[in-house]
Amino acid sequence: MEKKTSALPGSSAALIPGKRGKLLSHCYLPGGEYPKPLVIICHGIPGKEKLFDFAIALREAGFCTLSFHYSGSWGSDGDFSVSHCFEDCESVLDYVQKNENGWFDLNNVFLVGHSMGGLMAARMVSQNALLKAGVILVPMDFGLVADEMQGRCEERYQNFLNEAYLWLHGVTSETMRADMIQNEQAMRLCSYAEGLADKPILTVAATMDAVLPKEDHVNRLNAAIASFGKGKLVTKVYETDHPFNMHRGEIRQDIIDFLQAQVG
């Protein structure tokens, strides 16, 4: 590919074609000579924490970043569901592979996911050869939601989800329950551990996470990945909450350091 040069950093919006219409997205571009390593960022549900400061810090470290909104969220077309989010991630990867602007170094594509986005990261990184490594931040195991919605355990997440639905289009408790039942295996975070064990993975846990306690979510994923004994997992634990209101700068730097070590 012919090298392209932009003297100054910049940014660019894009409408990525998805299965339910357009996905609103945004790139931060570091300037200089392209192509550059790319970090795709997946937010959670409903996506109030969008990690834009992480995206800008990664740009300053020399990465292109691509943030996007799932179907039915924050201006993207269609109805929201967790299964639709999986499909939206695939649409974003298709867009990246086309690389029409020549911005992205397709040998160095990474994915960062927070909360529900951590489940997206686990699935996508484990299953897609395009993704070289991943960062999984306080991930949500929707398998526990599947258990709850089928009466296998006491209610723990319904209040959180009911609040999230207010920000999203086309999702209700009934549609979420149907999605959990029809696609239960895909919702289980640890089901992706074997594929994740083959790639460099950074996970971040929060000791004060009242939304997704680390013992129920990220710790189980860590144990499942480690059980394959391939030694590619890096874990970090911080005294912070689910949205990273404390130690945020340190977490950003850990992500940058980890991803820079994977570029090659």
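The values are calculated or read from the model by the stated rules, or taken from the named source; none is laboratory data. Everything numeric here is computed off the predicted structure, so don't read it as measured data. Cβ atoms come from the backbone with ideal geometry, glycine included; neighbour counts cover every protein chain shown.
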Only one of (1) outside any loop (DSSP other than H, G, I, E, B); (2) in contact (Cβ under 8 Å) with a residue 12 or more places away in the chain; (3) not hydrophobic (A, V, I, L, M, F, W, C) is not met by Glu174, so which one is it?
(2)
Test for Met180: is it in a helix (DSSP H, G or I) and not small (Gly, Ala, Ser):
yes
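A quick yes/no check of all residues on (1) under 15 Å from Val138 (Cα atoms); (2) in contact with a Gly (Cβ under 8 Å, 6 or more places away or on another chain):
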| position | (1), (2) |
| --- | --- |
| Met180 | no, no |
| Gly195 | no, no |
| Lys199 | no, yes |
| Asp209 | yes, no |
| Leu212 | yes, no |
| Asp216 | yes, no |
| Arg220 | yes, no |
| Ala224 | no, no |
| Phe228 | no, no |
Whether any residue in the range 9-16 is in a strand (DSSP E or B) and under 18 Å from Val263 (Cα atoms) is what I want to check.
no
Does at least one position in the range 22-33 carry a residue that is over 30 Å from Leu212 (Cα atoms) and of a type in the set (Gly, Ala, Ser)?
yes
If you go through the range 76-84 one residue at a time, do you hit one that is modelled with pLDDT of 95 or more, surrounded by fewer than 21 Cβ atoms within 10 Å (Cβ to Cβ), under 27 Å from Met187 (Cα atoms) and among the hydroxyl-bearing types (Ser, Thr, Tyr)?
yes
Just to be sure I understand, how many residues within the range 230-264 are touching a strand residue (DSSP E or B) at 6+ places or on another chain (Cβ under 8 Å) and farther than 14 Å from Val138 by Cβ?
9
For the range 221-248, enumerate the residues that are free of Cβ contacts under 8 Å to residues at least 24 places away in the same chain and under 18 Å from the mean Cα position of the chain (by Cα).
Asn222
Does Asn107 satisfy the condition of being over 24 Å from Asp209 (Cβ atoms) and either buried (at least 24 other Cβ atoms within 10 Å of the Cβ) or out of contact with any His (no Cβ under 7 Å at 6 or more places or on another chain) (or both)?
yes
Restricting attention to the range 50-73, which residues are out of contact with any Asp or Glu (no Cβ under 9 Å at 6 or more places or on another chain), within 30 Å of Glu184 (Cα to Cα) and crowded, with 18+ Cβ neighbours inside 10 Å?
Leu51, Leu66, Ser67, Ser73
Is it true that some residue in the range 168-184 is closer than 19 Å to Met124 by Cα, among the acidic types (Asp, Glu) and either modelled with pLDDT of 95 or more or loosely packed, with under 14 Cβ neighbours inside 10 Å (or both)?
yes
Taking Gly134 and the conditions (1) buried (at least 19 other Cβ atoms within 10 Å of the Cβ); (2) farther than 20 Å from Leu233 by Cβ, which numbered condition does it fall short on, given that it satisfies the others?
(2)
Which one is nearest to Arg20 (Cα to Cα) among residues in the range 47-73 that are in contact with a Gly (Cβ under 7 Å, 6 or more places away or on another chain) and either among the acidic types (Asp, Glu) or part of a loop (DSSP other than H, G, I, E, B) (or both)?
Ser71
